[in-house]
Amino acid sequence: MWNDMSVAVVLPTYNEAGSIADCIRRFEATGWVDEVVVVNNNAHPDTSPAVATTGAREVFEPVQGYGAAIRRGLKETVTADLVCICEPDGTFDPEDIAKLLPYIADVDVVFGTRTVHEFILTGANMGWWLRWGNWAVAKLTELLFNTGWLSDVGCTFRVLRRSAIDRLGDDYAGNGSSFGYEMMLRVIEADLRFVQVPVNYRERVGTSSVTGSTWTAIGLGAEMAGLCLTARIRGTDALRPRD
């Protein structure tokens with residue numbers, strides 16, 4: 001619980017068998033987390049045995065993609081007042097939830113940011129392209145939508161009020177890696193209050209299917225920039241699935 005509000009953590013997993021149990025235990029050890037939901041998104045076969053050693057609840061999502069996993073996780077945590085989304089790959093410190101939760105008293109959504117130099121730790125996969133690419137799309141978003149301060153559009157560590165989740169709905173256009181940024185655009189469109197807070201960013205355990213390849217990461221950045229421009233020109237309704 002945090003200030004009498006229940007807290008659930010959603011952890012999407014695909015290739016994090018080597019780090020997920022430690023991530024879960026560290027979230028549980030904070031004392032603020034009431035439930036951890038692991039969304040198994042066709043994950044490595046060693047994942048379920050690792051989760052079984054913890055107090056987390058595991059659910060299975062057959063539709064592939066980061067976005068599909070998060071959407072399932074949000075549906076599984078409908079009784080929680082606050083939902084924290086994080087990746088269990090060792091890049092984030094679960095204890096940093098203590099940086100995000102205090103701001104929820106004043107805003108609807110708290111986004112993390114990984115691009116503040118002092119918080120990028122040794123070994124973290126945040127090279128020139130990733131750091132400045134995220135910053136550039138963040139500033140493009142600021143410019144086109146006249147938002148508050150943004151420095152990272154790819155950070156997946158965030159906390160949302162249940163009321164914000166309900167306001168955003170479930171009619172997202174994508175199920176892939178750009179889902180987190182699409183959610184950010186919808187937060188802006190809905191005129192929800194938000195803030196971005198620096199979090200520690202560490203070396204990943206294992207290899208990422210996205211940022212492990214420079215060209216894949218650049219492609220994702222270009223996709224996000226395209227989403228930003230489309231949303232500004234045609235409105236975020238253009239991002240919603242068509243019948």
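Table for the structure above
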read-out	value
Residue count, the stretch 97-152 (criterion: farther than 13 Å from Q196 by Cα, surrounded by 14 or more Cβ atoms within 10 Å (Cβ to Cβ) and hydroxyl-bearing (S, T, Y))	1
Residue within the stretch 132-142 that is farther than 17 Å from D108 by Cβ, in contact with a Pro (Cβ under 8 Å, 6 or more places away or on another chain) and either in contact (Cβ under 8 Å) with a residue 12 or more places away in the chain or among the acidic types (D, E) (or both) present	no
Selected residue (only one of G90, G123, G112 is over 19 Å from T13 (Cβ atoms) and among the small types (G, A, S))	G123
Members of the stretch 61-120 found to be closer than 23 Å to G176 by Cβ and hydroxyl-bearing (S, T, Y), listed by number	Y66, T77, T91, T113, T115
Qualifying positions in the stretch 97-135 - part of a loop (DSSP other than H, G, I, E, B) and of a type in the set (D, E, K, R)	D106, D108, R114
All helices (runs of 4 or more DSSP H) inside the stretch 1-89 with 1 or more residues being of a type in the set (A, V, I, L, M, F, W, C) and more than 16 Å from the chain's Cα centre (by Cα)	20-29, 47-51
Scan of the stretch 143-173 for residues that are more than 16 Å from Y103 (Cβ to Cβ) and under 14 Å from the mean Cα position of the chain (by Cα), ordered by number	V153, G154, T156, I165
Residue that is nearest to T122 (Cα to Cα) [pool: residues in the stretch 73-93 that are surrounded by fewer than 21 Cβ atoms within 10 Å (Cβ to Cβ) and among the charged types (D, E, K, R)]	D93
Residue list for the stretch 11-54, restricted to those being touching a residue at least 40 places away in the same chain (Cβ under 8 Å), of a type in the set (D, E, K, R) and over 12 Å from I97 (Cβ atoms)	E16, D22, D34, E35
Matching residues, the stretch 143-176, being of a type in the set (D, E) and in contact (Cβ under 8 Å) with a residue 40 or more places away in the chain	D152, D170, D171
Residue match in the stretch 64-71 (condition: among the hydroxyl-bearing types (S, T, Y), surrounded by 19 or more Cβ atoms within 10 Å (Cβ to Cβ) and within 23 Å of C23 (Cα to Cα))	yes
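Any read-out appearing in this document is the output of simple, stated calculations on the displayed coordinates, not a laboratory observation. All figures in this text were calculated on a predicted structure; none of them were measured in a lab. Please note: Cβ atoms are built from the backbone with ideal geometry, for glycine as well, and neighbour counts cover all protein chains shown.
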